[in-house]
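Peer 1: Quick one: the structure is below, and I'll ask about it shortly.
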Amino acid sequence: MHTYSHAVFTWAVIRYLKREESNAALWGAVGSTVPDVPTLVKAARLLWYRRGEISKEEFKEEWLDALEYYKEPSGKVDLALHSLVPVGTLIALYKVLGLEDKDPHGALLSFLQGWAGHNFLDLPTHADDARPPLWPIVRWRFKSPVSYWDRKFYALPILFVEHGAILVLFLAFLYETYQDTTTQS
Ligand SMILES: [Zn+2]
């Protein structure tokens, strides 16, 4: 799934579940982008260093390509961030240490939940480039029959579903905001 979709979906889910805490949804969205940061940084750096060698058009094209970046998992940091082991450990620690009291608005918990949610959402949307969800303990990986980017695995219909869902959420948000303003006035 594209990084921005992770952010939008996480934001919507947490906003729905924790209505009183508006910042929690934002922190969840930030957390949901964490696993993709290493690859995005790598892609950005690569493009930046190549900017003198390629034309503006090529640069633009490569950048769009880079947004579908991870054809291949990009190393141990990427694997660790996409595994449920580190983030699951952090969530367990959060509970064990009783950090709820220090985190009254649930910002930290939402951040961790957003991060974990990313890894769950990646399970059904990566085929050949699936990562082991329990790395480094178990190397087994689930190769989904569908992929969000690989056309061999129904990327086109997935693209429509993914962006259709974003559109629906956007319209629902607009409608809600509109309702709020009309009931207030
Ligand atoms: Zn990912």
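Every number here is computed from the coordinates shown, using simple stated rules; none is lab data. Since the structure is predicted, the reported quantities are computational estimates derived from the model, not experimental observations. Virtual Cβ from ideal backbone geometry, glycine too; neighbours counted across all protein chains shown.
Peer 1: Hey, what do the phi angles of segment 158-172 turn into as Karplus ³J(HN,Hα) couplings, whole Hz, using 6.51/-1.76/1.60 and θ = phi - 60°, x for Gly and Pro?
Peer 2: Taking θ as phi minus 60°, the curve returns 5, 4, 5, 4, 4, 7, x, 5, 5, 4, 4, 4, 5, 5, 4 Hz for segment 158-172.
Peer 1: Taking a threshold of 29 Å on the Cα-Cα distance, which of the pairs Lys76/Lys143; Lys60/Lys152; Lys102/Lys143; Lys18/Lys42 fall above it? If you can, show how the numbers build up before the last one.
Peer 2: On the way: Lys76/Lys143 19 Å; Lys60/Lys152 25 Å; Lys102/Lys143 39 Å; Lys18/Lys42 34 Å.
Where the Cα-Cα span goes over 29 Å, the pairs concerned are Lys102/Lys143; Lys18/Lys42.
Peer 1: Let's test the formula: R0 of 45 Å, r as the Cβ-Cβ distance of Asp101 and Val161. What FRET efficiency results, to the nearest 0.05?
Peer 2: According to the calculation, E is roughly 0.65.
Peer 1: I would also like to ask the following. Mind giving me the FRET efficiency for Glu58 and Trp140? R0 is 25 Å, r the Cβ-Cβ distance, nearest 0.05 is fine.
Peer 2: Numbers: r = 39 Å, r/R0 = 1.57.
The formula returns an efficiency of 0.05 here.
Peer 1: Here is a further query. Between Leu123 and Arg50, with labels modelled 7 Å along Cα→Cβ, what's the label distance in nm to one decimal, could you check?
Peer 2: Roughly 3.4 nm, to one decimal.
Peer 1: Further, regarding this structure: HN-Hα J couplings of segment 99-114 from phi, Karplus 6.51/-1.76/1.60, θ = phi - 60°, integer Hz, Gly and Pro as x?
Peer 2: Result, rounded to whole Hz: 6, 3, 5, 7, 10, x, 9, x, 5, 5, 4, 5, 4, 5, 5, x.
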